[in-house]
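What follows is a single structure, written as structure tokens, with notes after it.
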Amino acid sequence: MSVNTRIREILNQRIMIIDGAMGTMIQTYQLDEEQYRGERFKSIQQHVKGNNDLLCITQPDIILAIHKQFLDAGADILETNTFNAQVISMEDYKMTDLVDEINIEAAKLARQAADEYTAKDPSKPRFVAGAVGPTNRTASLSPDVNNPGYRAVTFQDLVDAYSQQMKALIKGGVDLILIETIFDTLNAKAALFAINTIKEETGNDIPVMISGTITDASGRTLSGQTPEAFWNSMSHGEILSIGLNCALGAKDMIPHISEISNVAWVYTTAYPNAGLPNEFGQYDESPEAMAKVVEEFMKEGWVNVIGGCCGTTPDHIRAIAETAKHYAPRQLPVLAE
């Protein structure tokens with residue numbers, strides 16, 4: 001049975017759990033510059049502290065341990081530690097030559113953890129999603145207010161960057177591709193074009209998950225789309241699921257998840273932040289409080305996959321996973337012929 005078929009079977013049976021915040025967990029280790037560099041990069045000139053994806057090479061035991069903590073908490077789907085692991089973002093650290101290696105090693109680490117836990121309980125298979133972030137550039141908007149026609153990146157630049165990353169993730173053994181935290185739909189279209197081209201060229205039927213982010217109280221993405229408009233822009237792609245993550249706490253995400261659930265004919269996902277950041281940039285919402293809010297998503301039948309983004313720890317995922325056991329997954333709408 002293919003992964004695509006297996007995961008669809010599970011999604012029809014129960015709400016699946018995606019893991020929590022890799023970045024939040026990395027921060028708990030309080031790594032310094034030397035630890036980020038490791039032995040291999042100890043003599044390089046540039047600073048690399050903050051390049052969390054590099055830790056797949058320099059501190060693999062930490063990344064593996066974090067994956068296992070989320071699996072212990074009940075996660076069905078692990079995200080690879082590759083949010084910024086493409087050439088556009090890696091230019092900031094002068095490490096574009098490491099993109100393939102980082103993605104392959106990240107996939108292998110998550111694969112190792114997932115396979116170990118699947119072996120412990122074959123009735124609860126664990127899956128690996130190759131995390132593909134939005135990059136640090138936008139294809140729809142100019143970064144220069146005095147030159148609105150200027151773009152810091154082209155559509156083809158994005159396609160090339162995403163293609164390289166996704167090919168490496170697939171080589172490393174991921175089960176799915178997760179295009180996440182989308183603030184610009186044109187960026188997401190480039191990623192979708194890239195993975196669909198790869199699928200066509202290789203015959204690989206790897207499932208694709210899409211997750212956007214609402215950036216402010218207007219209920220729109222940075223490029224100006226409502227959740228329904230975002231879905232309409234993505235619905236042509238052969239995708240497994242669509243949903244929202246990041247930017248908002250669960251309470252603020254309620255109307256937006258409801259909107260997507262009402263229009264999407266694919267599975268839906270939600271993994272909000274642990275509330276909104278305080279004045280120190282920290283997330284204060286407790287696991288119990290967050291689980292109580294996301295319970296509404298499940299009670300209303302809006303989601304097939306639930307989890308957490310910024311500020312969410314294994315304790316948050318555990319509380320959400322326990323709550324999810326009491327609710328049925330969202331049923332896919334029956335489309336008229």
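What follows is calculated from the coordinates using simple rules that are stated; it is not laboratory data. Note that this is a predicted model, so its numbers are computed, not measured. Don't worry about glycine lacking a Cβ; one is built from the backbone with ideal geometry, like all the others, and counts go over all protein chains shown.
Computed extension length for SER258-ASN4: 88.9 nm, one decimal, from 0.36 nm per residue of separation with the Cα-Cα distance subtracted.
With the highest mean first, a sort of the peptides 286-298, 101-113 on other beta-carbon atoms found within 10 angstrom per residue produces 101-113, 286-298. Anyone know which of LEU55, LEU169, LEU31 comes out most mobile in the 10 Å Cα GNM of the chain? For the chain, modelled as a Gaussian network with Cα springs under 10 Å, the answer is LEU31.
Which three numbers, in whole Å and largest first, are the semi-axes of the equivalent ellipsoid of segment 29-147 derived from its Cα gyration tensor as √(5λ)?
Three semi-axes, in Å: 29, 20, 11.
As a proxy for reagent exposure, ranking THR185, THR28 by other Cβ atoms within 10 Å from fewest up yields THR28, THR185. For GLU33 and THR96, compute 0.36 nm times the residue count separating them, minus their Cα-Cα distance, and round to one decimal in nm. Gain on stretching GLU33 to THR96: 20.8 nm. Full extension of the chain between LYS120 and ASP160 gives 10.5 nm of extra length, using 0.36 nm per residue less the Cα-Cα distance.
Report summary: the helix-based calculation at 222 nm, which adds -39500 (n - 2.57) for every DSSP H run with n ≥ 4 and divides by the residues of the chain, gives -13500 deg cm²/dmol. Each of ILE57, ILE214, ILE182, ILE7 was scored by other Cβ atoms within 10 Å of its Cβ. Listed from fewest to most, they are ILE57, ILE7, ILE214, ILE182. Beta bridges per DSSP, both residues in the chain: antiparallel share near 5 percent. Pairwise Cα separations in the chain fall into 20 Å bins from 0 onward with the following percentages, short to long: 33, 61, 6, 0.
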